[in-house]
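The values are calculated or read from the model by the stated rules, or taken from the named source; none is laboratory data. The model shown is predicted, which means the values in this text are computed figures rather than measured ones. Glycine gets a Cβ as well: all are built from the backbone with ideal geometry, and neighbour counts include every protein chain shown.
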Amino acid sequence: MRPFPYILAAAVLAISALPAYAADPTYEVFAISAQNGSGESGAVILTPVGTKTKVEVLIANAPVGVPQPTHVHVGPCAKLDPKPTYPLSPALNGLSVTTLDVPIATLINGTFAVNVHKSATNIPAYVACGDLILPK
């Protein structure tokens with residue numbers, strides 16, 4: 001049995017529940033939009049864990065079995081600094097989960113974005129990005 005349908009279902013649920021997650025102060029949820037015609041979109045869920053932050057990246061329409069490098073970059077997506085600030089676990093089958101040794105307040109200060117690359121062999125190709133900016 002392949003895990004992809006379950007990851008896809010989780011991503012769809014996370015995206016559809018964005019308002020519900022956003023209302024819970026223990027989570028911050030940000031949308032990820034497709035880039036370069038990839039069709040890959042999803043959500044980033046940030047959860048404070050003491051002075052650290054759990055970063056979950058959920059991507060719908062991700063390729064099966066292809067690890068996709070995922071990072072936090074200085075952003076926004078429209079002017080992304082190509083040098084990653086915080087590496088995340090590669091998204092595999094549409095899921096990346098990493099705990100960063102950084103407080104959530106640092107990540108949501110309006111200067112960062114989460115970026116997903118096509119593959120380890122095609123790093124220059126961006127397939128999805130989401131700004132980590134809270135609505136005002």
Exercise for review: Quick one: in the range 98-129, of everything that is of a type in the set (Gly, Ala, Ser) and crowded, with 19+ Cβ neighbours inside 10 Å, which residue is nearest to Val49 (Cα to Cα)?
Suggested key: Ala113
Check your understanding: Residue check, Leu8 against (1) modelled with pLDDT of 90 or more; (2) surrounded by 14 or more Cβ atoms within 10 Å (Cβ to Cβ), all met but one. Which one?
Key -> (1)
**Study point:** Hey, Leu95 crowded, with 19+ Cβ neighbours inside 10 Å and either at positive phi or of a type outside the set (D, E, K, R) (or both) or not
**Key:** yes
Review point. Can you name the number of the only condition in (1) among the charged types (D, E, K, R); (2) buried (at least 22 other Cβ atoms within 10 Å of the Cβ); (3) in contact with a Leu (Cβ under 9 Å, 6 or more places away or on another chain) that Glu40 fails?
Key: (3)
Exercise for review: Take the range 62-92 and flag every residue that is closer than 11 Å to Ala113 by Cα, surrounded by 22 or more Cβ atoms within 10 Å (Cβ to Cβ) and of a type in the set (A, V, I, L, M).
Suggested key: Val72
Review point. Does the range 54-75 contain any residue that is free of Cβ contacts under 8 Å to residues at least 12 places away in the same chain and hydrophobic (A, V, I, L, M, F, W, C)?
Key: no
Study note, to complete from the structure: Residue count, the range 38-53, condition touching a residue at least 60 places away in the same chain (Cβ under 8 Å) and small (Gly, Ala, Ser), comes to 4
Point to revise | Answer from Ala78, Ala31 - the residue that is within 21 Å of Gly110 (Cβ to Cβ) and without any contact (Cβ under 8 Å) to a residue 24 or more places away in the chain | key: Ala78
